[in-house]
Amino acid sequence: MTSSLELIALAQYLAGEFDNREQALAEPAWYVHLRLWQIPIPLFSEDSITLFAEQANIVKLDQPYRQRIMRLTSGYDQNVPLKVQYYMPKDPAALRGAGRNPSLLKTLTPDKLDLLPGCVLNVSQETVAPNQYKFTANPPANTRCCFNYAGNTIQVSLGFEVSQQELKTYDKGIDPNTGSATWGAIMGPYRYTKREQ
């Protein structure tokens, strides 16, 4: 696959090990100190760049959660130059800890994933310097990101902004009855700094 420079830059900016230490120290009442791993994996390489993601509370690194797959692709028109499609592992427990132990990802194949049709983001880009970008990812209008987990239907609102300097995530759990946020970036985005590429 030949990827656009923008798609490659988006993948490079998103890939790595991140944490929000400064934010958690400054506002501990609102922001848990998290570690976030986003690791490139060789899935769907015919037309995209794919990342495995999971996160953990810094005081419980041995209990990571929110295992997910992000498939980055070129969009279909110039208004949506890039897209992110989310997938959920059919057996998240089998991948638990892969952020710290990527060898667990060697057995991951597309048939072990569930496509989450409403969990998609349109990514716009702004050139901030030659070959440097700021990417902003938002859900398309009138879409709902829902999936089943432990017998429950979970609704989330997804979104992020990323540059070479910082990753901001806007992910929130949504109460499907009221539409209000129940967890996540309720008071504003989580602000992550990349600690390792």
Among the lysines, which fall within straight-line cross-link reach of residue 134, defined as a Cα-Cα distance under 22 Å, with same-chain neighbours fewer than 8 residues apart omitted? 83, 168, 172, 194
For residue 41, list long-range residues whose amide hydrogen, built 1.01 Å from N in the peptide plane, is under 5 Å from its own amide hydrogen. 50, 51, 52
Bin by bin, in steps of 10 Å, what percent of the Cα pairs in the chain do you find, going until the bin that has the longest distance? 9, 36, 41, 15, 1
So what's the gap between the Cα centers of region 88-131 and region 180-197, to the nearest angstrom? 17
Output ³J(HN,Hα) for region 156-167: one whole-Hz value per residue in order, computed from phi by the Karplus curve 6.51 cos²θ - 1.76 cosθ + 1.60 with θ = phi - 60°, and x for Gly and Pro. 10, 10, 10, x, 7, 10, 8, 9, 5, 8, 7, 10
Scalar couplings 3J(HN,Hα) for region 184-197 by Karplus 6.51 cos²θ - 1.76 cosθ + 1.60 (θ = phi - 60°), nearest whole Hz, x for Gly and Pro, are x, 7, 6, 9, x, x, 6, 10, 9, 10, 6, 9, 9, 7
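Counting other beta carbons within 10 Å of each Cβ, put 13, 133 in order, fewest first. List each step's numbers first, then the result.
Numbers: 13 21, 133 18.
Ascending number of Cβ neighbours within 10 Å: 133, 13.
Using Cβ counts within 10 Å as a stand-in for footprinting exposure, how do 157, 4, 103 rank, fewest first? List each step's numbers first, then the result.
Details: 157 17, 4 11, 103 7.
Fewest to most other Cβ atoms nearby, the residues stand as 103, 4, 157.
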Each residue of region 138-148 in turn: what ³J(HN,Hα) in whole Hz from Karplus with 6.51, -1.76, 1.60 and θ = phi - 60°, glycine and Pro shown as x? 9, x, x, 4, 6, 10, 10, 8, 9, 7, 9
For residue 33, the residues 5 or more places away or on another chain with a placed amide H closer than 5 Å to its own amide H are 58
State to the nearest 20 debye the size of the charge dipole of the chain about its Cα centre, where the only charges are +1 on K and R beta carbons and -1 on D and E beta carbons. 360
Amide H neighbours of residue 174 at under 5 Å, excluding residues fewer than 5 places away on the same chain, with H built from the backbone geometry, are 155, 156, 157, 182
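Any read-out appearing in this document is the output of simple, stated calculations on the displayed coordinates, not a laboratory observation. Computed from a prediction, not measured in an experiment: that's the story for all the values here. Please note: Cβ atoms are built from the backbone with ideal geometry, for glycine as well, and neighbour counts cover all protein chains shown.
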